[in-house]
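Take a look at the structure set out below.
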Amino acid sequence: MLKDKTIVIGVTGGIAAYKSVEVVSRLKKLGANVHVIMTEAATKFVQPLTFRSLSHNPVIVDMFAELQSWDVEHISLAEKADMFLVVPATANLIGKVANGIADDMLTTTIMATTAKVIFSPAMNVNMYQNSIVQKNIVRLKEEGYRFIEPDKGYLACGTEGKGRLPAPEEIVTSAIAYLLSSFDLVGKKVLVTAGGTQEDLDPVRYLGNRSSGKMGYALAKVAKARGAEVTLISAPTKLNKPSGVNIINVRTAAEMCQQVFKYQAEQDIIIMAAAVADYTPQSIAKNKIKKSNNLTLELKRTTDILAELGNSNGEQILVGFAAESDNLIENAQQKLKRKVVDFIVANNIRAEDTGFASDFNQVVIISKDDQIEVAKATKLEIADRIFSEVVKILD
Ligand code: CTP
């Protein structure tokens, strides 16, 4: 659980430092114990007080500051941390750690820790592509340090290219996925579907649903963090593309079905987290439907992708979801049998602050012989728990 985790955020002196404010705020809201260490240069961009207020912990900058009562605890941050997240990570900081230079509190603590360390670089495009910076990154990766790839886009220095810090939400989800992960899906192929499909009625309208895609994207990120090769078949969502994942965008249930069966054979695990439309219009109007008094739509059934997978005698471990408003366990157990799957993850759509657009969920993981109740937690934690159950039967 995140509330048992200590995350140290290292902030370095780049213009993107202001975005780390939101990273700290989000992690705190998700329940983590957050500490911040800033470099001297970072304090030129953001005041330590901002981080202190958001993290509810003292912020460390100066290695040689007078000891306060809380300092003893802070000196042990390297030991206490479950993860270090350096955001933004400048070329300077990356270069120092890659070459064993520890000349301030941040570099000293990073080098003294045995916790997971993840860097989120942000800098000018030419600086990022500079072969010295790239060699330093490779060197750190070889030593087991992780990186969140910068985005392409408009950079503060007025140029365009790769070097932009990803959105804070993206950084937080990638970091948590890494924090929670054990590296136990190496060599495995995982297919995840996500989002809500859209069924066209006419050239401008469609039938859709309220799925945000967050659960499916969390599953893809966790699978990636646990070392799997991940294919994410995504219906439209507003979410950022997870890095290092093969993403295939689809719109309709039929397109999703086609893509799932295209990739099925090579997978070890398939998780259907998408909200696939059960019905689609009998025909799509060529022209925009004009209004009249009442309109009756004729709908036909779509293919139940999960049931087809379950009945196809594939070798994969199959996981389905069941969004229920009543008789949660009973309905989910029926789906488990009817769709011939290994697990049904059942969630009650009436529960407060879970489901659809929320970052949280509360589920029961149902298998033939077991029912595991997972208390309310972030979707990344739920995803991690689902994979832990899957790994048990993989073994
Ligand atoms: N699913 C699917 N193909 C569909 C519809 C659903 O693969 N055409 C998958 C979903 O991705 C989910 C699971 O089936 O993993 C459960 O979907 P849900 O809509 O809750 O259940 P249904 O089987 O459609 O039953 P009902 O709508 O009656 O609850």
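Tally the DSSP beta bridges in the chain and give the antiparallel ones as a percent, rounded to 5. Before the final figure, lay out each step's value.
Numbers: 19 of 63 bridges.
Of all bridge pairs located within the chain, approximately 30 percent are antiparallel.
Before I look further, what does the range 1-50 give for accessible area per residue, probe 1.4 Å, in whole square angstrom?
On the way: 2110 Å² over 50 residues.
Here the per-residue accessible area is 42 Å².
Give me the net charge for the shell around residue 212: Cβ to Cβ below 13 angstrom, other residues only, Lys and Arg +1, Asp and Glu -1. Present the calculation step by step, with values, prior to reporting the outcome.
Working: positive: 210, 214, 238, 379; negative: 169, 359.
Here the count lands on +2.
Would you mind checking which residues have amide H under 5 Å from residue 277's amide H? H placed 1.01 Å from N; only 5 or more apart, or other chain.
197, 253
In debye, nearest 20, what is the charge dipole magnitude of the range 6-180 about its Cα centre with +1 on Lys and Arg Cβ and -1 on Asp and Glu Cβ, if you could check? Intermediate results must be reported in sequence, preceding the final value.
Working: 16 positive and 17 negative charges, 96 e Å.
Using only the charged Cβ atoms, the result is roughly 460 debye.
Ranked by accessible surface with a 1.4 Å probe, highest first, in what order do 76, 292, 120 come?
Values: 76 40, 292 80, 120 0 Å².
Of 76, 292, 120, the descending order of accessible area is 292, 76, 120.
Taking θ as phi - 60°, what are the ³J(HN,Hα) couplings along the range 139-156 by the Karplus curve (6.51, -1.76, 1.60), each to the nearest whole Hz, with x for Gly and Pro?
Coupling constants for the range 139-156: 4, 5, 4, 4, 8, x, 6, 10, 10, 9, 4, x, 7, 8, x, 6, 9, 4 Hz.
Give, in nm to one decimal, the length gained when the segment between residue 351 and residue 331 is fully stretched (0.36 nm per residue of separation minus the Cα-Cα distance).
5.6 nm
Can you pull the accessible area of residue 37 for me, 1.4 Å probe, Å² to the nearest 10?
0 Å²
Which value at 222 nm does the chain reach when only helices count, each DSSP H run of 4 or more adding -39,500 (n - 2.57), with the total divided by all residues and rounded to the nearest 500 deg cm²/dmol?
Working: 14 runs with 132 residues, N = 395.
For the chain, the value works out to -9500 deg cm²/dmol.
Considering only 223, 6, 98, whose Cα is most displaced toward the positive end of the charge dipole of the chain, charges sitting on Cβ of Lys, Arg (+1) and Asp, Glu (-1)?
After comparing all options, I get 223.
How tilted is helix 253-263 with respect to the longest principal axis of the chain? Cα atoms for both, answer in degrees (0 to 90, nearest 10).
Approximately 70 degrees, to the nearest ten.
Largest first and in whole Å, what are the equivalent-ellipsoid semi-axes of the range 6-180 based on the Cα gyration tensor, each being the root of 5 times an eigenvalue?
Each semi-axis is √(5λ); the values are 24, 18, 16 Å.
How large is the charge dipole for the chain, taken about the Cα centre, if only the Cβ atoms of Lys, Arg (+1) and Asp, Glu (-1) carry charge, to the nearest 20 debye?
Values: 46 positive and 45 negative charges, 256 e Å.
The calculation lands at about 1220 debye.
Mind putting a number on the dipole of the range 9-69 about its Cα centre? Charges go on the C-beta only, +1 for Lys and Arg and -1 for Asp and Glu, and I need it in Debye to the nearest 20.
Values: 6 positive and 4 negative charges, 69 e Å.
Dipole size: approximately 340 debye.
Applying a 10 Å radius around every beta-carbon, put 210-220, 313-323, 143-153 in order of their mean neighbour count, most first. Walk me through the numbers on the way to the answer.
Numbers: 210-220: 25.6, 313-323: 18.9, 143-153: 16.0.
So the peptides 210-220, 313-323, 143-153, ranked by packing, come out 210-220, 313-323, 143-153.
Considering amide H positions built from the backbone, and no H for Pro or chain starts, which residues 5 or more places from residue 162, or on another chain, come under 5 Å of its amide H?
Those qualifying (amide H under 5 Å, at least 5 residues apart or on another chain) are 153.
For the range 100-153, what log10 I(q)/I(0) values come out of the Debye formula at q = 0.14, 0.22, 0.27 1/Å, with one point per alpha carbon and no solvent?
-0.42, -0.98, -1.23
For a label point 7 Å from the Cα of residue 183 along Cα→C-beta, name the residues of the range 357-395 whose backbone N is under 12 Å from it.
none
Apply the Karplus parameterisation 6.51 cos²θ - 1.76 cosθ + 1.60, with θ equal to phi minus 60°, to every residue of the range 91-103 and state each ³J(HN,Hα) to the nearest whole Hz, in sequence, with x for glycine and proline.
4, 4, 5, 4, x, 5, 5, 5, 10, x, 8, 10, 10
Return the whole-Å distance between the Cα centroid of the range 186-205 and the Cα centroid of the range 11-34.
31 Å
Can you list residues from other chains, or at least 5 along the same chain, whose modelled amide H is less than 5 Å from the amide H of residue 317?
269, 270
If R₀ is 45 angstrom, what is the calculated FRET efficiency for the pair residue 52 and residue 371, using the beta carbon separation as r and rounding to 0.05? Don't skip to the end; give the middle numbers.
Working: r = 44 Å, r/R0 = 0.97.
My answer for the efficiency is 0.55.
Could you tell me the accessible area of residue 181 in Å² (1.4 Å probe, neighbours in place), rounded to the nearest ten?
10 Å²
Calculate how steeply helix 168-180 sits against the longest principal axis of the alpha-carbon atoms of the chain, using the helix alpha-carbon long axis, and give the answer as 0 to 90 degrees to the nearest 10.
Orientation of helix 168-180: about 90 degrees from the principal axis.
In square nanometres and to one decimal, what's the mean projected area of the convex hull around the Cα atoms of the chain?
Average of the hull's projected areas for the chain equals 22.9 nm².
Among 204, 237, 253, pick out the residue whose Cα is farthest towards the positive end of the charge dipole of the range 189-394, where Lys and Arg carry +1 and Asp and Glu carry -1 on C-beta, about the Cα centre.
Result: 204, furthest along the dipole toward the positive end.
Taking θ = phi - 60°, what integer Hz values does the Karplus form 6.51 cos²θ - 1.76 cosθ + 1.60 yield along the range 379-387, in sequence order, with x for Gly and Pro?
4, 5, 5, 4, 4, 4, 5, 4, 5
Can you tell me the 0 to 90 degree angle between the C-alpha axis of helix 214-225 and the longest principal axis of the chain, rounded to 10?
For 214-225 against the chain, the angle is about 60 degrees.
What Kirkwood Rh does the range 189-394 have if only Cα atoms enter the pairwise 1/r average? Answer in Å.
On the way: mean 1/r = 0.0573 Å⁻¹.
With all distinct Cα pairs of the range 189-394 included, I get 17.5 Å.
Kindly state, to the nearest 0.05, the FRET efficiency for residue 262 paired with residue 101, given R0 = 41 Å and r defined as their beta-carbon distance.
On the way: r = 49 Å, r/R0 = 1.20.
The computed FRET efficiency comes out at 0.25.
What pairs in 116/392; 221/300; 3/241; 152/392; 262/335 have C-alpha atoms more than 29 Å from each other?
On the way: 116/392 24 Å; 221/300 34 Å; 3/241 27 Å; 152/392 39 Å; 262/335 24 Å.
Too far apart for the 29 Å limit: 221/300; 152/392.
For the range 85-128, what is the accessible area per residue in Å², given a 1.4 Å probe and the full set of protein chains? Please report the intermediate quantities before stating the final value.
On the way: 1390 Å² over 44 residues.
On a per-residue basis, the range 85-128 sits at 32 Å².
The values are calculated or read from the model by the stated rules, or taken from the named source; none is laboratory data. It should be emphasised that the depicted structure is a prediction, and the values quoted were computed from it without experimental measurement. Cβ sites come from the backbone with ideal geometry, for glycine too, and all protein chains shown count toward neighbours. Just so you know, the surface numbers come from the protein's heavy atoms only, side chains and all, with ligands and any DNA or RNA stripped out. Shrake-Rupley method; radii C 1.70, N 1.55, O 1.52, S 1.80 Å.
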